[in-house]
2 protein chains.
Amino acid sequence: MTTIKDIANCLGISASTVSKGLNGASDISESLRQTVLDTAVELGYTTRKMRGRDHRKVCLFVENMDYETPEQFGCDIILGFRQVAFRENFDVTVFPVTPDIQAAEKYDTFMLKHGFVGGFMVGFALMDDWMSQFGTTSIPTALFDNYIRKNPLVASVGSDTSEGIDDAIVHLMHLGHRHIALLNGSWHSCITEQRRQAYIDSMTAHNLPFDKGTMPYGYYVADSAKDHIDRLLSMGITAILCGNDLIASGVIDECRKRGVRIPGELSVIGFDDIPLAARLDPPLTTIRQDRSELGKLGFYALHSLINHIPISRTMLRPQLIVRKSTGPVPSQLSPTSG
Amino acid sequence: MTTIKDIANCLGISASTVSKGLNGASDISESLRQTVLDTAVELGYTTRKMRGRDHRKVCLFVENMDYETPEQFGCDIILGFRQVAFRENFDVTVFPVTPDIQAAEKYDTFMLKHGFVGGFMVGFALMDDWMSQFGTTSIPTALFDNYIRKNPLVASVGSDTSEGIDDAIVHLMHLGHRHIALLNGSWHSCITEQRRQAYIDSMTAHNLPFDKGTMPYGYYVADSAKDHIDRLLSMGITAILCGNDLIASGVIDECRKRGVRIPGELSVIGFDDIPLAARLDPPLTTIRQDRSELGKLGFYALHSLINHIPISRTMLRPQLIVRKSTGPVPSQLSPTSG
């Protein structure tokens, strides 16, 4: 086991200085403290507090995601996570993390410094600094909608995207649609790529036409719709599957401005089933993710990792919620002429 | 909610006869009782006992797998499952199921009749009668090493096969091997196909040669090795990845008979790390599945389904255990000449 003396030897400083760094004493510089912590992490040092059975602090990091109100995607994930954590006597800190924070401090250092025994990451993008560190982190870490290969201390939690997308496409096929687009969310996101692959797989399996033009990238916001809607409509698309409910709400708005009837002329499907979905006009057909259960699953996965059970991946089945934004294909574009 | 009267109306018999069928009274025929139970299941009827909070009986079905002693693959899975079930106050019945039993009675009927609120299936093959019923079962059911699409009451539990196989192939590559075969287990098995696909993906990713001849099917027993070993050796294969440890033990035996040195002339890797693996001569390098934790995960998944949490898939990371059955590639077949 790594000792304070090992860290001191490695850095060529005294053991008492290392102690000060580890304990956050005020009479050493912040940069030296960072070096001490970075080195402690590199050498696999754990504090007595971290090894103890009483120490049960975990951190839920949120990025690129709103979670302040129940209307927002992240809220129920956090609630579900907190609920199960509470039962298991863990303290949860919710920390809105930024690229700057990630650039300023290594993930393991951050966790060690604050005494967190595990992390749950929600809303991370592939290019985030910390993402590249999860392959070798020594801190139990569960990732929502992201997957890291081969680190037994990291688990992936999310929805079974391929089933959800296929359910939506089968629903549209039963309504006669063949020309179905995927208006996706942002580049550089694991979940965006999963949804794209699920669309490709399902369209291929059902022998439906698609190409690059039918699966544009956008952003996970309503405003993203206006950049794509005219082109998709001009291509003869009769149904749009959206990367999330916000994009779908944007599609509905843009169609209203153009006098395109939903679902008479265009069917629209969202993803997530945030509370807004049911209140849209027309109410949105969408692929529901049970965010509260996903949050609970996130804690379960993290708790397993903390107990040395190397969960790799755990997923929930999403559920297609059929409302009024999907209907039969417009007759001039029915499958017989399509 | 379906009532006894609904079942009676559907069958054109009296409600009291339905009651007798549901309660196992002795004064109606077994065939009528079967019909009553089948219909009750079809109509979604649940007994009060099944709805009650006290009723916590689950069944662990085993097929095609030995589990009587700790030496055998299934033993620790069952133990792990039982351990967690006990904590949660569930009774576990372990039931060795056969094709005949499956042919004689529908799965849902069997479960309803015996008052089981959930099932965990270990060792099932794709052609098993009950496998075709899991797509529509209304009984919470977790499957070890099998996957059923789109039924929110069915979950899949197993190891992350693709990582395990890739770890093994990377280990062999570092030892200079390029001509690596997969001596697989039985046809008609979900896990056999997963391992085959993982082998194909990994060999492709690392730009190593393979074809149908390098990935033969066999059976999950030691005896399977003798049918393939001569052909694989004559092809210039320098390492064999086996579908399980028993097949690997057979490869070692056959090599001894032929005077082929392991690992001097051939490297061998197993799958599972059953206790036998460490006692083989040479001790077997193998991809470890933590069967106790997999059993616990099986109960966790089943418990989640019983609580209406639609787990789709949950997996553990396997671990490559390096022992003495793998070594550097024989020099005459080193990568420079291969």
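Values quoted throughout were computed directly from the atomic coordinates according to the rules given, and no laboratory measurement underlies them. Quick caveat, the model's predicted, so the values are computed rather than measured. As a convention, Cβ positions derive from the backbone with ideal geometry for all residues, glycine included, and neighbour counts pool all protein chains shown.
Remarks
- Set of aspartates and glutamates near B:K5 by C-alpha distance (under 18 Å), chain-local residues within fewer than 8 positions excluded: B:D38, B:E42
- Here A:V62, A:V97 are placed in order of increasing Cβ neighbour count within 10 Å, fewest first, which gives A:V62, A:V97.
- Antiparallel content of DSSP bridges confined to the protein assembly as shown, in %, to 5: 15 percent
- The dipole here belongs to the protein assembly as shown: it is taken about the Cα centre, uses +1 on the Cβ of Lys and Arg and -1 on the Cβ of Asp and Glu, and is about 640 debye.
- Global form of the range B:64-107, assessed from the alpha-carbon gyration tensor, a/c cut-off 1.5: oblate
- Helix content alone sets the calculated 222 nm mean residue ellipticity of chain B: runs of n ≥ 4 DSSP H residues at -39500 (n - 2.57) each, divided across all residues, give -12000 deg cm²/dmol.
- Backbone phi angles across the range A:120-137, fed through the Karplus curve with coefficients 6.51, -1.76 and 1.60 (θ = phi - 60°), yield HN-Hα couplings of 10, 10, 10, x, 6, 9, 4, 8, 4, 3, 5, 4, 6, 8, 5, x, 10, 4 Hz in residue order; Gly and Pro are listed as x.
- Other protein chain C-beta atoms within 10 Å of residue C-beta, averaged over A:157-164: 3.
- Selection among A:A125, A:H114, A:G135 by position relative to the dipole of the range A:76-145 gives A:H114 as farthest towards the positive end (Cβ unit charges, Cα centre).
- Sequence-separation-based contact order of chain B, relative, with Cα cut under 8 Å and 6+ spacing, percent: 18 percent
- For A:N146, the residues whose modelled amide H falls within less than 5 Å of its own, excluding neighbours fewer than 5 places apart on the same chain, are A:V157.
- Cβ charges +1 (Lys, Arg) and -1 (Asp, Glu), total dipole of chain A, debye: 580 debye
- Averaging the Cα positions of each part gives two centres, and for the range B:200-247 and the range A:80-137 these lie 42 Å apart.
- The lysines whose alpha-carbon is closer than 25 Å to the alpha-carbon of B:K257, local same-chain residues fewer than 8 away aside, are B:K226, B:K324.
- For A:S189, A:S331, B:S267, the sequence from fewest to most other C-beta atoms within 10 Å is A:S331, A:S189, B:S267.
- Positive-end residue of B:I247, B:I311, B:S234, charge dipole of the range B:205-338 with Cβ unit charges: B:I311
- Dipole check for the range A:66-153: with +1 at the C-beta of Lys and Arg, -1 at the C-beta of Asp and Glu, and the Cα centre as origin, the magnitude is about 460 Debye.
- Approximating the spin labels as points 7 Å out from Cα along Cα→Cβ, the A:R87-to-B:Y147 distance works out to 2.8 nm.
- Within chain A, DSSP assigns beta bridges of which about 10% are antiparallel (rounded to the nearest 5).
- When each of A:K57/B:K57; A:K113/A:K150; A:K212/A:K296 is checked by Cα-Cα distance, pairs over 28 Å: A:K57/B:K57; A:K212/A:K296
- Once the Cα atoms are used to define both axes, helix B:30-42 deviates from the longest principal axis of chain B by about 80 degrees.
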